[in-house]
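Engineer: One structure, as structure tokens, below. Some questions next.
The values are calculated or read from the model by the stated rules, or taken from the named source; none is laboratory data. Since the structure is predicted, the reported quantities are computational estimates derived from the model, not experimental observations. Cβ placement follows ideal geometry from the backbone for every residue including glycine, while neighbour counts extend to all protein chains displayed. Heavy atoms of the whole protein, side chains included, go into the accessibility calculation; ligands, DNA and RNA do not. Shrake-Rupley method; radii C 1.70, N 1.55, O 1.52, S 1.80 Å.
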Amino acid sequence: MTPVPMVGRAAELGELVRRWSHVRSGAVTPAAVVSITGDAGVGKSRLVTSVLAALAPEPAAVLYGVARVHTPAPYDWLAAVLSGRDTHDLPVPADGLAWLAQDPHAPSERYAPGALLRLAVRTVRALVGAGPAVLVVEDLHALDPASLNLVGELAAAPDLPALILVTSRPPDAADSPELVARTLARLSGAPGAVRQHLGPLGPADVAEIVRQVHGAVPEHLAGAVCERTGGNPYWLVELLAATAGRGPQALLDEPLPGHLRPGAAPAERDCFEQSAELTAREREVLSCLAAGMSNKQMARTLDISIRTVGVHVSNLLRKTGTASRTEAALWAVRRG
Ligand SMILES: Nc1ncnc2c1ncn2[C@@H]1O[C@H](COP(=O)(O)OP(=O)(O)OP(=O)(O)O)[C@@H](O)[C@H]1O
Ligand SMILES: [Mg+2]
């Protein structure tokens, strides 16, 4: 199924574009920080993709990173950003850079944590250059403590001509809820920071998405679909995919996965693993994950882009109801 065009979220999109124009005009000297929070599948990444497409003129640099390796390792966000980049010109000592990039051949002497943090900030500054840049920190809730600290530092760093877009599921979905909650609070405390909490889509937006696929449908049908999916765009997209090629009535007749059934206990909601149906590609990605591959290795093995790997991993975590790559790998092992 081709992706449905983005529906709703106009206010959020408008605000993000406005923040960007402030950054471009040089009106904000520390970075402009926007934290986009919300439940799994509510549309955080989609909003980020839409805003990146809407920025004109394009940012001088986009630093995009998600939690990347099998077991979240220090500076995972920055390692993801550095992956595949030519780093020769960066004004950072090569051994420090090797640490930050999680190079397996990094020298064995470690840097003191404070020194490594300063190098990490310097690296980001060099990549941003004169800017204006966009820093995308996807899935903050799944990042390692060093990355969380780095994002907090960057949010407060003076003279960083950048828009920092952070997405996160609620802290209670994180491996370290307190640390994530503290980081989100730290980000909200940055001057001029904005927090966008995405709730489910409303009935009109759900109806619009259903219409994109099925043409005009009766209002009561769209309303019932909204209720069935709780207005969660991910579940809506899944339901539309599961019923593709059938008439709109199938949207009501198709049995819902266990976790979505009315009265499902919250734990059951997180446990889609009972009924997780992975696509062939997601299964491939999952077995690479279970083999301990990094996103870069997976991209090479499967011959797809690193960004696409990131999307598959994120979908996997959602479908398997797991909160981290480690948990997903364990899930894969448990289920053979
Ligand atoms: N406003 C929208 N209009 C149309 N489709 C949407 C919208 N928001 C999200 N979607 C679709 O719903 C699915 C889930 O969205 P997305 O991946 O952005 O969720 P998320 O909040 O980032 O989830 P996660 O917490 O798992 O990362 C995607 O297929 C996306 O294209
Ligand atoms: Mg996402």
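Engineer: Please go through the stretch 297-320 and give me each residue that is outside any helix (DSSP H, G or I) and either in contact with a Lys or Arg (Cβ under 8 Å, 6 or more places away or on another chain) or at negative phi (or both), ordered by number.
Structural biologist: Scanning the stretch 297-320 gives ILE304, SER305.
Engineer: Condition check: away from ligand 2 (no atom under 16 Å from the Cβ), assigned to a helix (DSSP H, G or I) and under 16 Å from the mean Cα position of the chain (by Cα). Does LEU97 satisfy that?
Structural biologist: It is false that LEU97 is away from ligand 2 (no atom under 16 Å from the Cβ), assigned to a helix (DSSP H, G or I) and under 16 Å from the mean Cα position of the chain (by Cα).
Engineer: Among ALA101, ALA73, which is farther than 20 Å from ALA157 by Cβ, more than 16 Å from ligand 1 (Cβ to nearest atom) and in contact (Cβ under 8 Å) with a residue 40 or more places away in the chain?
Structural biologist: ALA73
Engineer: Out of curiosity, is ARG125 open to solvent by 30 Å² or more (accessible area, probe 1.4 Å), away from ligand 2 (no atom under 16 Å from the Cβ) and part of a strand (DSSP E or B)?
Structural biologist: No; evaluated as a whole, the condition is false for this residue.
Engineer: Listed residues SER35, SER21, SER45; which is over 18 Å from the mean Cα position of the chain (by Cα) and either over 22 Å from LEU140 (Cβ atoms) or touching a residue at least 60 places away in the same chain (Cβ under 8 Å) (or both)?
Structural biologist: Only one candidate passes the filter, namely SER21.
Engineer: When the residues of the stretch 43-70 are filtered to those that are hydrophobic (A, V, I, L, M, F, W, C) and at pLDDT below 90, which remaining residue is farthest from ligand 1 (Cβ to nearest atom)?
Structural biologist: It comes out as ALA56.
Engineer: Can you tell me which of (1) within 23 Å of the chain's Cα centre (by Cα); (2) closer than 22 Å to VAL151 by Cβ; (3) not hydroxyl-bearing (Ser, Thr, Tyr) is the one GLY114 doesn't meet?
Structural biologist: So GLY114 meets the others, but not (1).
Engineer: Filtering the stretch 23-42 down to residues that are open to solvent by 20 Å² or more (accessible area, probe 1.4 Å) and either in contact with a Phe, Trp or Tyr (Cβ under 6 Å, 6 or more places away or on another chain) or more than 20 Å from VAL151 (Cα to Cα) (or both), which residue is nearest to ligand 1 (Cβ to nearest atom)?
Structural biologist: Result: ALA40.
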